[in-house]
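The values are calculated or read from the model by the stated rules, or taken from the named source; none is laboratory data. All figures in this text were calculated on a predicted structure; none of them were measured in a lab. Cβ: placed from backbone, ideal geometry, glycine included. Neighbour counts: every protein chain shown. Just so you know, the surface numbers come from the protein's heavy atoms only, side chains and all, with ligands and any DNA or RNA stripped out. Shrake-Rupley method; radii C 1.70, N 1.55, O 1.52, S 1.80 Å.
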Amino acid sequence: MSKKIQGLAEIDRIIHEPARLMIIALLATVNDADFQYLHLATGLTKGNLSVHLSKLEEAAYIVIEKSFRGKYPLTICRLTGQGREAFDNYRKVIKAAL
Amino acid sequence: MPISFFRSMTADPSTIAERLVIKAKFRDGLQDIYIGLTLVLCAAVEAVPYAKRAGFPQGSTALDVAFCVISIVLCSLFVVYTVRSRGAAKWVRERYLIERSGYVEQKLNKRKMVRFLLVFLAAFLPLAIAALFLFPTHSDRGMSTVIGLMFCGLDAWIAWFGRVFRFAIYSVLSAASAIFLAATSIGIVATLSIFFAFLGLVMVFSGFIVLLLFIRRPAEREA
């Protein structure tokens, strides 16, 4: 089996989950986004989104900041440097294998 | 459902994410209104000298000065509008629509924008040059058709890449109106003015409909 395909065995499983991949890919495309934006763009339920964001935060791939804009509560999510690096590595592995 | 794209390992996740971001940008109709107003303003700037020639007595210095002032005001308005209106759309979203659309800080990828512009020009510049040289006696009509097809191409790309269906309709209308106007004997200035005004008004009207439908959706609060 070629080394490039063997690389798939060591793929980052935190990012590899489709919902988390979608969240990370979206956050890589923007500077930051709030929970509501991610909920509408991804189509995930709020509970599902919340669980995946927690997992990504535990892995230090994203940071979550809670604030207010007037009376509206904002939960801002932003990709960390580590998260960006992990996403770029993930893309390289997938591209190389396919 | 966007997640289905991310289940396929062959799709580039960055491209899909960009697609979702563009779809989100056009969700509330504000971009349509912004583009439509830009086109209407363009049409007004184009129409001033034509209106002066066609509708008013010639040789009057006062009238010449008045139309000069109107042109300068419209051009300045256009510049200020172009610079500030993107901020205005963002302000409207964050002030009035944040509960419905959420908050996002877009990333400006200048290199990608320049690359897109170069590809776009590379596609249409040869057509424009061909229109000038192949049809020297009808170069006006050729140029206006090419400009119409440029808008058609741009709208078609947004419709395809961002999956924003109404841009497919704008694309068809752009092509049809450009070809129809080129077939008439109207000069290029009037043709472009009518074309921009028509497309602009369609987009403003459509944008307002989309915005009204978007506002009527119940706002969801975070849990």
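Take the Cα radius of gyration of segment A:36-84 and divide it by 2.2 N^0.38 Å, N being the number of residues; the result is 1.17.
Over 23 Å between C-alpha atoms is what I'm after, so list which of A:LYS92/B:LYS25; A:LYS71/B:LYS107; A:LYS46/B:LYS25 land there. Mind dumping the intermediate values first?
Numbers: A:LYS92/B:LYS25 28 Å; A:LYS71/B:LYS107 26 Å; A:LYS46/B:LYS25 21 Å.
Cα-Cα > 23 Å for A:LYS92/B:LYS25; A:LYS71/B:LYS107; rest within.
On a per residue basis, the convex hull of the C-alpha atoms belonging to segment B:88-223 measures out at 134 Å³.
With every protein chain kept in place and ligands, DNA and RNA left out, what is the accessible area per residue of segment B:119-199? Probe 1.4 Å, answer in Å². Please list the in-between numbers first.
Numbers: 4180 Å² over 81 residues.
With all protein chains present, segment B:119-199 gives 52 Å² per residue.
Taking all protein chains as they are arranged and a probe of 1.4 Å, the heavy atoms of B:ARG19 leave approximately 40 Å² accessible to solvent.
So how much accessible surface do B and A hide from each other in total, probe 1.4 Å, in square angstrom to the nearest 100? Approximately 3100 Å² gets buried when B meets A. Hydrodynamic radius of chain A by the Kirkwood approach over all distinct alpha-carbon pairs: 14.2 Å.
Ligands, DNA and RNA left out, the accessible area of segment A:1-87 computed with a 1.4 Å probe is 54% carbon and sulfur.
Interface residues of segment A:32-52, defined as those with an accessible-area decrease of at least 40 Å² between the chain by itself and the complete set of protein chains (probe 1.4 Å), are A:ASP32, A:GLN36, A:TYR37, A:LEU40, A:ALA41, A:LYS46.
Spin-label pair A:ARG69-B:LEU212: with each label point 7 Å from Cα along the Cα-Cβ axis, the two points sit 2.6 nm from one another.
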